[in-house]
1. Cα centroid distance between segment 331-409 and segment 556-598, in Å?
2. Find the relative contact order for segment 259-416 and round it to a whole percent, using C-alpha pairs within less than 8 Å whose residues are 6+ positions apart.
3. For Lys387, give me every one of the lysines with a C-alpha distance below 27 angstrom, ignoring sequence neighbours fewer than eight places off in its own chain.
4. Looking only at segment 702-719, which residues have a backbone nitrogen under 14 Å from a spot 7 Å from the Cα of Asp668 in the C-beta direction?
5. With axes computed from alpha carbons, what is the tilt in degrees of helix 554-563 against the longest principal axis of the chain, rounded to the nearest 10 within 0 to 90?
6. Multiplying the sequence separation of Glu248 and Arg746 by 0.36 nm and subtracting their Cα-Cα distance, what value in nm do you get?
7. How much length would be gained if the chain were fully extended between Ala117 and Leu614, taking 0.36 nm per residue of separation minus their Cα-Cα distance, in nm to one decimal?
8. Please work out the C-alpha center-to-center distance from segment 220-297 to segment 423-444 and express it in whole Å.
Amino acid sequence: MASETAPVRLVDYRVPDFLIDTVELDFHLDPKATQVKSRLAVRPNTEGVADLTLVGDELKLVSVTLDGKPLEAGAYNATSDSLVIRNVPSAPFTLEVEVEIDPSTNTKLMGLYRTGAAYCTQCEAEGFRRITYFLDRPDVLAVYTTRIEALKAEAPVLLANGNPQQSGDIPGTDRHFAIWHDPFPKPSYLFALVAGDLGVITDRFTTMSGRDVELRIYCEHGKEERCAYAMNALKRSMRWDETAFGREYDLDIFVIVAVSDFNMGAMENKGLNVFNDKYVLADPDTATDTDFANVEGVIAHEYFHNWTGNRITCRDWFQLCLKEGLTVFRDQEFSSDMRSRPVKRIADVRTLQARQFPEDAGPLAHPVRPEIYYEINNFYTATVYEKGAEIVRMLKTILGEDGFRKGMDLYFDRHDGQAVTIEDFLSAFHDATGVDLAQFHLWYSQSGTPEVVARGSYDPKQKTYSLSLKQNCPPTPGQTTKKPMHIPLRFGLVGPNGDDLSFSDATGARVEDNVIHLTEAEQTVVFSGVSSLPVPSLIRGFSAPVRLSVDLSPSDLLFLLRTDSDPFNRWQAAQTFAIRDLVARTGAKVRGEALDTNEPFIDALGEVAEADALEPAFRAQILQLPGEADIAREIGRNVDPDAIARARAELRISMAGRIGGRLAVLFDSLQSKTAFSTDAASAGRRALANAALDLMVANRDRAAIERVVARYRNADNMTDRLGALSIMAHAPLDERLPALADFEERYRNDPLVLDKWFALEASVPAPETLDRVRALMEHPAFSPSNPNRIRALIGSFASGNQTQFNRADGAGYDFLIDFLRDLDRRNPQTTARLLISFRSWRALETGRRNRAEAALKRLDAVGNLSTDARDIVARMLA
Ligand code: BES
Ligand code: ZN
């Protein structure tokens, strides 16, 4: 079934016919009938347009006046999704509109809705139109003043964007009010309001120019202590943006609110960030080290949007990567500076390869800057975010540290207060540095992951090393042929003792500062003065988001794993080795054959794991084999998830057998005798201990299992406890059953912690799991309306349990489709996100592929799907 709604196209962009300079909002909050009055200062922006069309979404008009006069019935037309005012003046005018909305039935969590007993808003991308009729598009920038009135008892806290201006009781009533004013012009998607009975922690920050800023984090009463880490992360983010980018905060107050019902991770509303509570609340008893790192990263991300997104925003939603890709890049850099740069890089590349690469290789592939969409909510994708961040990183690689900073400075200077495009962004770098970025622009318009094939040959007589490089980008939906792109390849020619060999000259491509600039479909770079046969170490630090194929022998890979000066490529060598083994092993399983164990590889992993000179967090990454989904992606077609799982289990058993003893010694040596700390070094030791233990239990070694059970029982922090529990669940070990029951009991009153339990239950690779998931939907802590609960239980099953979601009988697919069909009536956005679990269905073996297709077609046949779900299903089946 085709999409019923008309698409939006980049080529159709037109400046708005009207602009709105100021917005005065007045909210009379009531759970079932909230009155919203808006007074808009409107000004025509193009010639000769008679009618003003404002958009709405499920609105009920109460009244409308123009320049203070009520409009006659024939002078306007109002429906729930638009308000057209006929023949408006050609000079600026004031429009006053009153609507009524019902926050209590707003299950989409867009617009004004309730979370617990509080009121909160989410407007990006198109939620403001669910609050009042407006020009709800990002290129309409206005100064907002917001008055909120509510019952004092119900909502003692009243928050909106900007600075607080006035507040007080409403005499003779049990109500009160607050007025907030935001002097910075902003698009409507950055509007926010929060009201309720909330706990708070406060702090202060002095900006680099000496301005004093009040900081507040609001949360559910009783959870205040769990906000301390987020506050600390906020202050570090504010300082970092000053030193790294020269960007200072601009209001008198910065407020974060943690809410428990939220479709996304968090939202950068001006001066009033609203967060999913899982990205705010963290203490050692309830949060893992990964949770702490996520809180730090998300707090930073939303804060950094204040400049990249808010002060400079997007002209239209096609430019989403302008703010998201750039801000992801900035938060990644921040986290790298706070922790270990190579370890952060490895983690980010893992995410990119696990989320973006399959997107780029499947039916949902789209350019980082799309040119058409049916539903903008579905374009908050790994491609826009993660690949968008990689493009900014490549820009920095190409321009160098100084050139990049000059370009950013010019961008901030030139476009402060504007709504701009990718072209504006690139022009700033071009104008600041003189570097031609015309070819580089293709990264924004061409979808698909380029493949780079490298072949090296050494001439010992001439002392030359030739590297032939080819690039090719496979066809993607709507794009059959592609042009060669500008791919910056950071590299080294590693000599026999592990040091990079020098070369006197390089021809065939621009080679500068250890970067080869690949710009043509085929290029051969000839290095002269190379003293001996090198092993090429290419795409160091993952300098470009491409798939690399290079003819490295197994011993070359082990050599790089042991000696490369680039830690990222040491990890990459281990991954490449493992994935080659696992793909071959899976093939052998399918054919019923056996494959020998590669002992040198396992020994090398053991050696690196023990290498005290390397940081533990890095060693933990080395020990983590590619996951089942990674192997499936590498195989690419005719995928049999059961064969993959058996192959991976077999390699793990060999590893446990061969180096389990060494890992046990390592594990024991990592047991901390000092007090718990969240710092990156301590977290790294815990990660390494968990990674070692995870391998040690693979062959069901009794002593290892005892260690895991003891680690669970004796844990004094969530990383150790959950680490042990997930080892038991994933193995899976029988010991998991009492431990999972204990965990449930221990945290029965803590929904965020129980989410970890739901997620683990759903990811047990055993045939009974689907029934278990069904049963857990009846658990008192589960809620079919809370996105965190849904993602924990249903999302983990669909995206974190390869064998059980992809059951050969199709029951996993049918279960998910049935659930989503129901969820779609309440929350289309969350539905569409969960549907993405099907994105690689065409790569499955025939039986599963047919069952997945049948399930998708069943959903496609549903008449009243949301545009969100309809768009994804249509593209997935196209
Ligand atoms: N602007 C987004 C939040 C958003 C996304 C609102 C989609 C509406 C629709 C925010 O800045 C964001 O990107 N949040 C991420 C987390 C971030 C750390 C990448 C999220 O919510 O997943
Ligand atoms: Zn963002």
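1. For segment 331-409 versus segment 556-598, the Cα centre distance is 26 Å.
2. Value for segment 259-416: 20 percent.
3. Reachable lysines: Lys186, Lys270, Lys278, Lys323, Lys344, Lys396, Lys406, Lys470, Lys482, Lys483.
4. Within reach of a label on Asp668: 703-708.
5. Helix 554-563 sits roughly 70 degrees off the main axis of the chain.
6. Difference between extended and current length: 174.9 nm.
7. 174.0 nm
8. A separation of 33 Å, based on Cα centres.
All of the numbers you see were taken from the coordinates with simple rules; none came from a lab. It should be emphasised that the depicted structure is a prediction, and the values quoted were computed from it without experimental measurement. Heads up, the Cβs are rebuilt from the backbone with ideal geometry, glycines too, and the neighbour counts pull from every protein chain shown.
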